[in-house]
Amino acid sequence: MQRVTIFGIICLALILASSAGWSQDDPGLIVVVEGAEISFDAPVLMVDMLYPLLPATPLLNALGATSTWDAAAQRLDASLGERRVQMWVGRPWATVDGAAYDFTPGLATFNGQPYLPGPSTAQILGLEATWDRDALTLTISTPVTMPEGPTVAATLLNVRPEGNGTLVVRLRTTGWISEVALAPGVVISRGRADASQPAAPLSDLLPGDAVEIVLGSDGQGIGVSASYRDIFGVISSIEANELRLASGYSFPLGEGIVASGSDGAPMHLLGAVGENALVKFNPVDKEVWSIVSTRAGSATPPDTPEPVLAAFFLPRYDRPQRAGDSVEVRIIGSAGGRATVNFGDTGHSMTLTEGAPGIYSGIYTVPNGIMMLADRPTARLEVGGARSTWVPSNRPIMLDTRPPVIVGVRPDPNAAITERQPQIQARYEDDGSGVDAAFVQLIVDGADVTDQATIDLTQTLYTPPVPLAMGGHSVMARVADRAGNTVTNNWVFNVARAGTGIEAVAVEAGAQPLVAGDMVTVTAEVVAPGRAASFAIDGVAEAVPMSLVAGTTTYRGSYTVREADIAADAAVTVQFTAADGTLHQADAPQTLNIGRAAATFTVTVPAAGEETGRRIRPAGTAPPGSTVRWTINYEKFILAGQVGTGTAVAGADGVWQAANEVDLRLLLVGMGDRYTLVAELLGPGEAVQQTEEVQFRARD
């Protein structure tokens, strides 16, 4: 680019109405319009070393405006598009379509020619103007109008230019890595976060930029706004994933960080220590992605008294990893050593070899049988017998090789029931990454009924809409966790004719809700005495033995409620093994509420399907003194994540309520498309006794 010529003259005789002084003794000025530098034949002036004063006619021509100069009236008329502007010498204001606007420092003349303040002129004509006084650079561009639509906030990891382009990003709310294809004609802007973002080509987008992507109805990006920040200073240290400046500022390192010298050659991170450098970072999470040092580039790190581990990255990790998955590991530090990585309490470690000077990398293949939940691996560098400190990775990792466990099904396997529209249930739990409800599947008699079932993080419930035929029926329940580990349970049950097994079930109990010390007595009338009978109270007791009453076909058993028992609408189920070995099963017609003056476990705020305001305070009912854990999740196109979570204790009136209101608005993304409140009733040891889910929407 050609730098504007500055004449070595100081024009002290010319004074603005504001008494500002003009000068031309600056070393140089760059004026860029729509990405191209422009030049001037006449002198370029400065006002008190604050504002650039530019020759009006060539400036307006470069901006695409037309103008008329009335020397007698000392007035300049300009128009750009439908905007009409009038300016007068000596007035720090101008009119735009007849209305007065501030126009500091105003129109002036030099050698009889009109001069305009560059930034104010661009702005009053409706253009974007960025004046960098330190760099003496004025950038002017047409404002970028972003299309409307759902917006995704992320950090840019990579740009694939093929076709219309694809952005590989790390989503800000979830940390997941996603790819967003760009639509034809996508609108792109890029600039400093503290200034306007002018239009930019796809090639200007760089890894580490903070991006906001506007999505079209097909999920493609129709608008991209990218921003960055930078700072100049002396780098005092780069160690343990942190860059420190001599000024005291510190920044985390981005996983794709690159460093180069003043000559453009690549530079090892440690080579930039002690040097003046331009440090470019993400304006949201402050991660440094680019360093340009004032010294020449060198890929060989300098010698240090002790080994230095500058950075330890897990560059592509986002979601839980299962057995067989590959985790990329990269370490940057002193040269000529050996890097050791430990994976938490798993007992697993790996040694990395040095590929390039001071660069160590490798692939960790997750083995079977380990679990590492939201922890950070640690690494150490050893050079010539000396060792660095242990450094944690830049982000945590979750290794989960164990599938969920299906802890109970109903009807029981091989049970004979007389109910022709039974409730089919699979209960499950996962002590690792957690059940992924989106990948729970239920198949009955070969038909996929998942869409008709009620599914949450602890169970799946399904009631056939029409009576089942007599005879055997098959069920398959498949449950996956967030890492993709899957468990499948197949079982069969039989629908039998009445009069072949259990004829009736009755429950005797005190006034509900039941409390500690109350007794529950269950009786079952059977066709003929058999081998054994027992009953279960869902979530409270299993296989409570029942005895045959002498001389009858009645089995009876009792259970005494314990202090820790909590249940709401718990089913009571009797199992009876007939003399021929056939297992019969039947539910009592009533359910039980058990707990300390237990109340029904519900969610009352928000209501299912409700459209709430921006802030809500989750609430509901539960047994007095019981603990409820609540979580609000959101969905927004390709985004999904958590808005907030907490616990609440139900009061004596059986009402629980979150401690504070929850703001449902997502930072830089806005309101979600859909929200789900998951409330869990916790028992001893925080075991989940019951789960309620409510889906709702919200407005800003």
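The values are calculated or read from the model by the stated rules, or taken from the named source; none is laboratory data. Everything numeric here is computed off the predicted structure, so don't read it as measured data. In this analysis, Cβ positions are derived from the backbone assuming ideal geometry, glycine residues included, and neighbour counts consider all displayed protein chains.
Restricting GLY256, GLY264, GLY248 to residues that are touching a Phe, Trp or Tyr at 6+ places or on another chain (Cβ under 8 Å), surrounded by fewer than 20 Cβ atoms within 10 Å (Cβ to Cβ) and of a type in the set (Gly, Ala, Ser) narrows the list to GLY256. Scanning the stretch 284-329 for residues that are surrounded by 15 or more Cβ atoms within 10 Å (Cβ to Cβ), of a type in the set (Ser, Thr, Tyr) and in a loop (DSSP other than H, G, I, E, B) yields a count of 3. Taking the numbered list (1) at positive phi; (2) in contact (Cβ under 8 Å) with a residue 12 or more places away in the chain in turn, GLY248 passes all entries but (2). Please determine whether any residue of the stretch 588-606 is modelled with pLDDT of 90 or more, of a type in the set (Phe, Trp, Tyr) and surrounded by 22 or more Cβ atoms within 10 Å (Cβ to Cβ). So far as the stretch 588-606 goes, no, none of its residues is modelled with pLDDT of 90 or more, of a type in the set (Phe, Trp, Tyr) and surrounded by 22 or more Cβ atoms within 10 Å (Cβ to Cβ).
The sole residue among ALA416, ALA453 that is surrounded by 16 or more Cβ atoms within 10 Å (Cβ to Cβ), within 21 Å of ALA679 (Cα to Cα), of a type in the set (A, V, I, L, M) and out of contact with any helix residue (DSSP H, G or I) (no Cβ under 8 Å at 6 or more places or on another chain) is ALA453.
Taken over the stretch 206-224, residues that are out of contact with any helix residue (DSSP H, G or I) (no Cβ under 9 Å at 6 or more places or on another chain) and surrounded by 22 or more Cβ atoms within 10 Å (Cβ to Cβ) amount to 7. If we scan the stretch 351-359, do we find a residue that is in contact (Cβ under 8 Å) with a residue 24 or more places away in the chain, hydrophobic (A, V, I, L, M, F, W, C) and more than 20 Å from HIS268 (Cβ to Cβ)? No: zero hits. Checking the stated criteria, LEU278 turns out not to satisfy the condition of being buried (at least 23 other Cβ atoms within 10 Å of the Cβ), over 30 Å from GLY432 (Cα atoms) and out of contact with any Leu (no Cβ under 6 Å at 6 or more places or on another chain).
Quick check: is even one residue across the stretch 140-157 among the aliphatic types (A, V, I, L, M) and within 21 Å of ASN61 (Cα to Cα)? The answer is yes; a qualifying residue exists.
Pairs linking a residue in the stretch 471-484 that is of a type in the set (D, E, K, R) to a residue that is surrounded by fewer than 19 Cβ atoms within 10 Å (Cβ to Cβ) and assigned to a strand (DSSP E or B), with Cβ atoms under 7 Å and 6 or more positions apart or on different chains, are ARG478/GLN441; ARG478/THR486; ARG478/THR488.
Screening ILE231 against (1) part of a loop (DSSP other than H, G, I, E, B); (2) farther than 24 Å from TYR360 by Cα; (3) over 22 Å from the mean Cα position of the chain (by Cα) leaves a single unmet condition, (1).
Yes/no matrix, rows are residues, columns are (1) at pLDDT below 85; (2) touching a Pro at 6+ places or on another chain (Cβ under 9 Å):
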{"site": "ASP134", "(1), (2)": "yes, no"}
{"site": "ILE140", "(1), (2)": "no, yes"}
{"site": "VAL144", "(1), (2)": "yes, yes"}
{"site": "THR151", "(1), (2)": "no, no"}
{"site": "LEU156", "(1), (2)": "no, yes"}
{"site": "VAL159", "(1), (2)": "no, yes"}
{"site": "LEU167", "(1), (2)": "no, no"}
{"site": "THR174", "(1), (2)": "yes, no"}
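Taking the conditions (1) at pLDDT 95 or above; (2) of a type outside the set (D, E, K, R); (3) crowded, with 16+ Cβ neighbours inside 10 Å in turn, VAL234 satisfies each one other than (3). Give the stretch 196-219 a look and list any residue that's closer than 16 Å to ARG170 by Cα, not in a strand (DSSP E or B) and not hydrophobic (A, V, I, L, M, F, W, C), or say none. Answer for the stretch 196-219, where residues must be closer than 16 Å to ARG170 by Cα, not in a strand (DSSP E or B) and not hydrophobic (A, V, I, L, M, F, W, C): PRO207, GLY208, ASP209. The set of residues in the stretch 538-563 being of a type outside the set (Lys, Arg), at pLDDT 95 or above, surrounded by 14 or more Cβ atoms within 10 Å (Cβ to Cβ) and not in a loop (DSSP other than H, G, I, E, B) consists of VAL544, MET546, LEU548, THR554, TYR555, GLY557, SER558, TYR559. Just one of the listed residues (PRO150, PRO161) is touching a residue at least 40 places away in the same chain (Cβ under 8 Å), surrounded by fewer than 20 Cβ atoms within 10 Å (Cβ to Cβ) and under 22 Å from the mean Cα position of the chain (by Cα), and it is PRO150.
Look at the stretch 524-547: where a residue is under 12 Å from VAL505 (Cβ atoms) and a partner is part of a loop (DSSP other than H, G, I, E, B), sitting 6+ places away or on another chain with Cβ atoms under 8 Å, you get GLU525/THR553; VAL526/GLY501; VAL526/THR553; VAL526/ALA578. LEU461: touching an Asp or Glu at 6+ places or on another chain (Cβ under 9 Å) and either of a type outside the set (Lys, Arg) or in contact (Cβ under 8 Å) with a residue 12 or more places away in the chain (or both), yes or no? For LEU461, the condition - touching an Asp or Glu at 6+ places or on another chain (Cβ under 9 Å) and either of a type outside the set (Lys, Arg) or in contact (Cβ under 8 Å) with a residue 12 or more places away in the chain (or both) - is not met.
The set of residues in the stretch 291-337 that are modelled with pLDDT of 95 or more and basic (Lys, Arg) contains only ARG330. GLY595 meets each of the listed conditions (1) in contact (Cβ under 8 Å) with a residue 24 or more places away in the chain; (2) in contact with a strand residue (DSSP E or B) (Cβ under 6 Å, 6 or more places away or on another chain) apart from (2). The residues on offer are VAL520, VAL505, and the sole one that is within 30 Å of ARG629 (Cα to Cα), aliphatic (A, V, I, L, M) and surrounded by 15 or more Cβ atoms within 10 Å (Cβ to Cβ) is VAL520.
So how many residues does the stretch 425-451 have that are closer than 21 Å to ALA571 by Cα and not aliphatic (A, V, I, L, M)? Qualifying residue count, the stretch 425-451: 4.
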